[in-house]
Amino acid sequence: MAFAEKFLFTLPPVEIGGRRLKRYHVTSDRAGIEPEVEKAAYALLPELLPPAEGTPADGAPAAGFVVLHRGGDTGAYLNAYSWVWDNVLHFGGGAAGQPVLGCPDTDPAHFVRVDRSWIGCVWELAPLEHERSAWIRHVLAPDAPDLAGYLGDALPSGTTEVSG
């Protein structure tokens with residue numbers, strides 16, 4: 001099977017667990033991710049986030065981004081990336097429909113937390129480069145962090161192809 005890029009959908013930010021999160025959906029379906037899969041994924045999301053207050057050395061706004069990926073089979077994957085300790089990216093992952101990852105069945109709307117050291121597949125990693133640059137541009141480089149600027153600076157919908 002030859003590699004093919006997938007569709008990337010950028011959705012409005014949400015606030016969950018005291019964190020403002022940008023949202024990206026990845027799928028090979030032009031129609032997007034099924035509503036029941038999205039709803040189930042976001043129900044698990046609070047368990048994947050670190051506490052919003054951070055650590056004493058952490059002056060960063062409570063923010064991050066989420067990548068929800070609907071695989072080509074029964075799998076669905078939820079990657080939660082949270083900015084902590086000013087310039088560090090925390091990862092929490094979940095999956096559904098993949099018994100090999102500890103999922104109880106092949107239902108793509110039955111999410112469980114996945115405690116592996118994997119941070120994402122080639123399609124899920126597409127937003128990372130943009131998010132790193134956006135965090136520097138809006139939070140680390142200015143004299144004062146601009147959370148609204150960061151949240152408004154998202155990778156545009158299109159495909160998972162990254163130029164470079």
Across (1) surrounded by 13 or more Cβ atoms within 10 Å (Cβ to Cβ); (2) out of contact with any His (no Cβ under 6 Å at 6 or more places or on another chain), Arg116 clears everything bar (1)
Single match in Leu68, Leu78, Leu89, Leu44 (criterion: modelled with pLDDT of 95 or more, surrounded by 15 or more Cβ atoms within 10 Å (Cβ to Cβ) and either out of contact with any strand residue (DSSP E or B) (no Cβ under 8 Å at 6 or more places or on another chain) or over 17 Å from Trp123 (Cα atoms) (or both))
Leu44
Out of the residues in segment 10-28 that are among the hydrophobic types (A, V, I, L, M, F, W, C) and crowded, with 16+ Cβ neighbours inside 10 Å, state the one that is nearest to the chain's Cα centre (by Cα).
Leu21
Condition test on Thr74, is it under 14 Å from Thr27 (Cβ atoms), hydroxyl-bearing (Ser, Thr, Tyr) and touching a residue at least 60 places away in the same chain (Cβ under 8 Å)?
no
Just to be sure, is Trp123 over 16 Å from Ser82 (Cα atoms) and not aliphatic (A, V, I, L, M)?
yes
For segment 92-113, what are the residues that are touching a residue at least 12 places away in the same chain (Cβ under 8 Å), at negative phi and open to solvent by 20 Å² or more (accessible area, probe 1.4 Å)?
Gln98, Leu101, Thr106, Asp107, Pro108, Ala109, His110, Phe111, Val112, Arg113
Can you work out which of the residues in segment 141-155 that are of a type outside the set (A, V, I, L, M) and in a helix (DSSP H, G or I) is nearest to Gly18 (Cα to Cα)?
Tyr150
Looking only at segment 133-152, count every residue that is free of Cβ contacts under 8 Å to residues at least 24 places away in the same chain and either open to solvent by 30 Å² or more (accessible area, probe 1.4 Å) or among the aromatic types (Phe, Trp, Tyr) (or both) and tell me the total.
11
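The values are calculated or read from the model by the stated rules, or taken from the named source; none is laboratory data. Keep in mind it's a predicted model, so treat the numbers as computed, not measured. Cβ: placed from backbone, ideal geometry, glycine included. Neighbour counts: every protein chain shown. Just the protein is used for accessible areas: all its heavy atoms, side chains included, with ligands, DNA and RNA removed. Shrake-Rupley method; radii C 1.70, N 1.55, O 1.52, S 1.80 Å.
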